[in-house]
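Following: one structure in C-alpha cells, then a few remarks.
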Amino acid sequence: LKIKPETHEVLPKPSIWADPGILVAQGSPVTIWCQGSLLVDVYRLYKESGSGSWQAQAPQGSRNKAGFHFGSLSSSDAGQYQCAYRSRNHTFHLSKEGSLAPPQHLRLQDTAPPVRANFTLRAVTSAHGGTYRCYSSQSTAPHLLSLPSDPLELLVSDVSGAPGLAWYLSVLIGVSVTFVLLLLVLLFLRHRGQDRHRKSGE
C-alpha cells in the first residue's frame with residue numbers, strides 16, 4: 001500500500017532589480033537582486049535568451065532575497081533577466097488519528113512544485129487500519145506545520161488465507177452442537193435399554 005499525499009505550492013511572484021541600476025557602463029560591476037518569500041532557500045537567475053542561469057542560496061540573515069554579483073560587465077551580458085525561487089527542502093509528516101506512535105517523516109530535497117511524497121506501509125496488519133492525515137513543513141521553519149490534508153481512512157481486510165476468528169467460532173459451534181446431539185442419542189439409547197430391561201424382568 002502506498003499513500004501519496006500531494007501538495008501544490010503557490011508562491012508569491014518574486015521581484016527583481018539591479019544595483020546600482022539597469023544602465024551600467026561596460027566593465028563596471030552590478031548586483032542583480034531577487035526578492036521572494038521567507039520560506040525559500042534557493043534563488044535562480046535566468047537570462048531570457050537562454051545563454052545563462054545562476055543559482056544562489058538565500059543568506060541566513062535575510063532569506064527573502066538573494067544577490068547575484070557580476071564583477072565586470074561586457075556587451076554580451078546585456079539583456080533581459082528573470083528570477084525565480086523555490087524551497088529546497090520539504091518534510092512531510094504522516095500521522096494516524098488516535099495513535100500514540102510518533103508520525104512518520106519523509107524529507108525531500110531539491111524539489112519543485114508539485115511536490116509528492118510516498119509513504120509505504122510494509123507488512124500491513126489490522127493495527128494499521130484507521131484514519132491518516134499528512135502535513136508538510138519547510139526547512140526554514142521545521143516546527144511550523146501546514147494545514148492537514150483531507151483524511152484518508154485505511155481499511156485492512158484479512159486476505160492472508162489463514163483461519164480467522166470467525167472460522168474458529170464456526171468450528172467451535174459445530175463441535176458443540178455435535179457433542180450435544182451425541183449426548184442426546186446416548187441418553188435416548190440408555191433410556192430405551194432400561195425400558196427393555198424392565199420388560200424382560202417382568
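A short reminder: the numbers here are calculations on the coordinates, not readings from a lab. Nothing here was measured: the structure is a model prediction, and the numbers come from that model. Note that we place each Cβ from the backbone using ideal geometry, even for glycine, and neighbour counts take in every protein chain shown.
Taking square-rooted eigenvalues a ≥ b ≥ c of the alpha carbon gyration tensor, is the stretch 11-86 rounded, prolate or oblate, where a/c under 1.5 means rounded and, failing that, a/b exceeding b/c means prolate?
Taking the square roots of the gyration eigenvalues as a ≥ b ≥ c, the stretch 11-86 is prolate.
The Cβ shell under 10 Å around TRP33 holds other residues with a net charge of 0, Lys and Arg each +1, Asp and Glu each -1. For the peptides 25-36, 180-191, 97-108, the ranking by packing is 25-36, 97-108, 180-191, with the highest mean count of neighbouring Cβ atoms within 10 Å listed first.
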